[in-house]
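Written below as structure tokens is the structure these notes are about.
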Amino acid sequence: MERSGRSLMAKTSYLEGWKPASAGKLRRPLLLHSAMSPSRFHHLLAATLALALLGCTTGGTTGTRAPEPTIGEQREAVLFWSQAEREAGFRRMQAQFPSDVASHGMQVRELPAGEPLPLSGSAWLDDDALDGYMDRHHVAGLMVLHDGKVRLQRHGLGFGPDDRWESFSVAKSVTSTLLGIALQQGDIGSLDDTLPTYIHELAGSAYDGVTVRQLLTMTSGVRWNEDYADDQSDVAQMYRGACVDGQAHVLSYLRGLPRQWAPGTHWNYNTAETDLLGIVVERATGHPLAHYLSDTIWKPYGMAADATWIRDECDGSNTGGSGLSATLEDYARLGQFMLEGGRIDGESVIAEAWMQGAVQGHGSEDAPERGYGYQWWTDTDGSYSAVGIFGQMVYVDPSRDLVIVQLAAWPRATSSELVKARRDFVDAIKQAVDAETLERQAPPGRG
């Protein structure tokens, strides 16, 4: 497919209205005293944010006022929030951080009610077992669509059907999907275009020869540490620096990183690189991710409520790797959209070249055992999912016509135990659907 003749530079004009903080006006970052550990720094920062987030106030104080944390520092501190801060904050991210709105339209795609789905297995015999699962794992919402009907819907943590919840890396899958739409519309020329085609600032960096496809599959080969528990890891540092030349945080951060492997050979999960994909989409289409999402999926597919997407404080771009918040039902509609092959009113809005690679695992060293496509996690049975830290998930199983959504505030970003519990829940849903199917297919009993 040939690239559209429209100038990529001309398409970035929407950013001109965004005025990043100048060097003289940037709030000074909190300085890490030599006697203060990084962990102590994040605890203090998180405590400061909690006062604002939870609406707490303090009495008058005297002396020098501590400098306020920058927006970037506040975003990094989310990784180290307390349990109370997570449960209060994940539903209010648009109030805490500058965000753009993905508006919904006038027409809403209804989600008709189906028969309640009885869960199968000894661990899921009754509603009390499901309530226990939600309580133990701090689950805010569960929804199951089967054959397009709501078979299960639960809310917890005081989270309601009209509330939005932060999706974390579920946003990666959405950003990738938007790139597939931009490819269909001709704004992206080819998945094999190199990144400087769209982000000229990457010329001469370790990303110079990396393709869009390699970024989609997390195989850029650039060194990166995604350890959420390590406050000195790249993922905990990428938004903390000062703004440089009006560039997005990740752009100035990633330009300085070295290459560790040859591009396309080694899988290494990297949130910042999906932020780069978001910049590719924004520059190619001339629209912020939130507005492009509204125009291409949210309105035409029939989402019921607005979504919000956090902006980078330096250039105003939406951060493609995280920051999307939506309602439980609209996350389910998003899964249904994917289940239907990315079709709206019978027409495919996503490029076939993207669809073929998005939900299939790609072989590379250290790739996940269950597979990783174009920012979608894949499995051997043909199912795939968008997954975010602290328990977020949109699971799609085409063979069963099944969508499962979970929103949560896990006590840790991730762990093998938490992932296993969620997988057991998904397996229980699949077993219940299979049991129903077998029962319908069974011949009538003898009288």
Is there a residue being among the β-branched types (Val, Ile, Thr) and under 30 Å from residue 425 (Cβ atoms) anywhere in the stretch 186-201? no
So residue 296, is it under 22 Å from residue 374 (Cβ atoms) and of a type in the set (Val, Ile, Thr): yes
Answer yes or no as to whether residue 387 is within 24 Å of residue 214 (Cβ to Cβ) and either β-branched (Val, Ile, Thr) or modelled with pLDDT under 95 (or both). yes
Kindly check whether there is at least one residue in the stretch 321-341 that is within 30 Å of residue 244 (Cα to Cα), part of a loop (DSSP other than H, G, I, E, B), touching a Phe, Trp or Tyr at 6+ places or on another chain (Cβ under 8 Å) and modelled with pLDDT of 95 or more. yes
Scanning the stretch 224-280 for residues that are in contact with a helix residue (DSSP H, G or I) (Cβ under 8 Å, 6 or more places away or on another chain) and among the basic types (Lys, Arg), which turns out modelled with the lowest pLDDT? 240
Of the residues in the stretch 187-215 that are free of Cβ contacts under 8 Å to residues at least 40 places away in the same chain and in a loop (DSSP other than H, G, I, E, B), the one that is nearest to the chain's Cα centre (by Cα) is 192
Does residue 285 fit the bill of being farther than 19 Å from residue 387 by Cα and crowded, with 24+ Cβ neighbours inside 10 Å? yes
Enumeration of residues in the stretch 216-234 that are out of contact with any Pro (no Cβ under 7 Å at 6 or more places or on another chain), closer than 14 Å to residue 270 by Cβ and in contact (Cβ under 8 Å) with a residue 40 or more places away in the chain: 216, 217, 218, 222, 224, 226, 228
Restricted to the stretch 262-308, and to residues that are charged (D, E, K, R) and part of a helix (DSSP H, G or I), which residue is farthest from residue 195 (Cα to Cα)? 299
Among the residues of the stretch 293-302, is there at least one that is modelled with pLDDT of 95 or more, buried (at least 20 other Cβ atoms within 10 Å of the Cβ) and of a type in the set (Phe, Trp, Tyr)? yes
For the stretch 240-251 the number of residues that are surrounded by fewer than 24 Cβ atoms within 10 Å (Cβ to Cβ) and either under 16 Å from the mean Cα position of the chain (by Cα) or closer than 23 Å to residue 80 by Cβ (or both) is 4
In the list 91, 65, 86, which residue meets the criterion of being of a type outside the set (Gly, Ala, Ser), in a loop (DSSP other than H, G, I, E, B) and modelled with pLDDT of 95 or more? 91
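The values are calculated or read from the model by the stated rules, or taken from the named source; none is laboratory data. Keep in mind that what you see is a predicted model, and the values were worked out from it rather than measured. With ideal geometry, Cβ positions are generated from the backbone for all residues, glycine too; neighbour counts draw on all protein chains shown.
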